Each structure stands twice: as structure tokens, then as C-alpha cells.
């Protein structure tokens, strides 16, 4: 959406214009639902997080300073809201983990990968999705989840190992 139209839409939302709020919601709902679903792991919690997230977006919109794109700002709110939907995470290890790529002999479908990610424990899945899928840094992940950067790195490492195991056991894919 071009800058002028976006500013008009934001101004409408700031003035509690329901049409503008619906337009903003419609413009971002699918992408933000995807973020919530990947973090929450189930549709019900993702839908709740999405709705709660948009309520927070509209309440927080006066604080939006356009330092990042509106979409990125909304995505951060949604990710945090989805994380809050999850139970308190119990992370065991603070060990540093290496960021090593995992390669497989065969190609697997996006659906197979998605299903494997959904099989991860909540803590592993949250860190994996925020870091690998959504592109947040370990520092940002640690702030969102209220954990140390070392724990974020460790959980990512263990998430990758577990994901690798799931892909091997469930789909027969072997690591190169």
C-alpha cells in the first residue's frame, strides 16, 4: 500500500473509524494469522491471538512512529501476543548452540515441514519459528520470550535436532 493511502488508513484508525479498522484488519489478517498459527501450533489459539493482537494494534496505534513498516510493527505485536497465549515456557539449557544448516538428500514438501514443526515442543517451536521462519534475531527472540540469548540459541539448536529426527522418522528423509 502506498504511503499516502497508508497514512489515511492509519489516521482513520486513530479516529476510531470502523471502516478504516476493517480495512487495516483485512490488509494484514492472513499474514498475521500465519504468524500466530506457527507460534501457537493450533488454530483456536492462533485465532484468539490474532483477535487479541488486533485489539492491541488499535490501542497502540497512537504510539506507532513509522520507524519500521506498519506490517513489521503489527507482526511484532502478533508474535508477542501469540507467545503470551502459550504457557510459560520451561527452558532447560543455557548452552550456546551453533547455527548449522541442515540439509537432506530428498526434497520434502512445505506441508511435511509444517507438520514436523508442529510436532516440536512449544518452547522449541516458538524459538524456531521466530528465528528461522520470521527472521528475528536471538536478541529479539530472547526479549519476546523473556529468556536469555543463550537459551534462545540453545533452544534453536535442539529444535533443529528434533526437527531433523522427526523428518527422518516420519518421512524417511536422511540428512546429508
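The values are calculated or read from the model by the stated rules, or taken from the named source; none is laboratory data. Because the structure is a prediction, the values reported are computed rather than measured. Ideal geometry is used to build each Cβ from the backbone, glycine not excepted, and the neighbour counts take in all protein chains shown.
Residue check: is residue 13 assigned by TED's automatic domain parsing to the domain that holds residue 79, over 17 Å from residue 126 (Cβ atoms) and crowded, with 19+ Cβ neighbours inside 10 Å? In short, yes.
This table checks each residue for (1) at pLDDT 90 or above; (2) exposed (fewer than 14 other Cβ atoms within 10 Å of the Cβ); (3) not in a loop (DSSP other than H, G, I, E, B).
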residue	(1), (2), (3)
33	yes, no, yes
54	yes, no, yes
59	yes, yes, yes
66	no, yes, no
79	no, no, yes
87	no, yes, no
97	no, no, no
106	no, yes, no
115	no, no, yes
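Please go through the stretch 130-151 and pick out each residue that is within 18 Å of residue 118 (Cα to Cα), in a helix (DSSP H, G or I) and in contact (Cβ under 8 Å) with a residue 40 or more places away in the chain. Hits for the stretch 130-151 are 130, 133.
Could you look through the stretch 152-161, keep only residues that are free of Cβ contacts under 8 Å to residues at least 60 places away in the same chain and closer than 25 Å to residue 33 by Cβ, and pick out the one that is surrounded by the most Cβ atoms within 10 Å (Cβ to Cβ)?
From the stretch 152-161, those free of Cβ contacts under 8 Å to residues at least 60 places away in the same chain are 152-153, 156, 159, 161; that's our starting set.
Checking which are closer than 25 Å to residue 33 by Cβ leaves us with 152, 156, 159.
Values: 152: 27, 156: 21, 159: 23.
That would be 152.
Only one of 149, 132 is within 15 Å of residue 39 (Cα to Cα) and surrounded by fewer than 20 Cβ atoms within 10 Å (Cβ to Cβ). Can you tell me which? Give the derivation first.
Numbers: 149 fails: within 15 Å of residue 39 (Cα to Cα).
Selected residue: 132, the only one of 149, 132 that is within 15 Å of residue 39 (Cα to Cα) and surrounded by fewer than 20 Cβ atoms within 10 Å (Cβ to Cβ).
If you go through the stretch 38-47 and keep only what is in contact (Cβ under 8 Å) with a residue 24 or more places away in the chain and in a helix (DSSP H, G or I), you end up with 38, 39, 40, 45, 46. For first residues located in the stretch 48-62 and outside the structural domain of residue 33 (by TED's automatic domain parsing) and at positive phi, partners that are buried (at least 20 other Cβ atoms within 10 Å of the Cβ) and modelled with pLDDT under 90 and lie 6+ apart or on another chain with Cβ distances below 6 Å do not occur.
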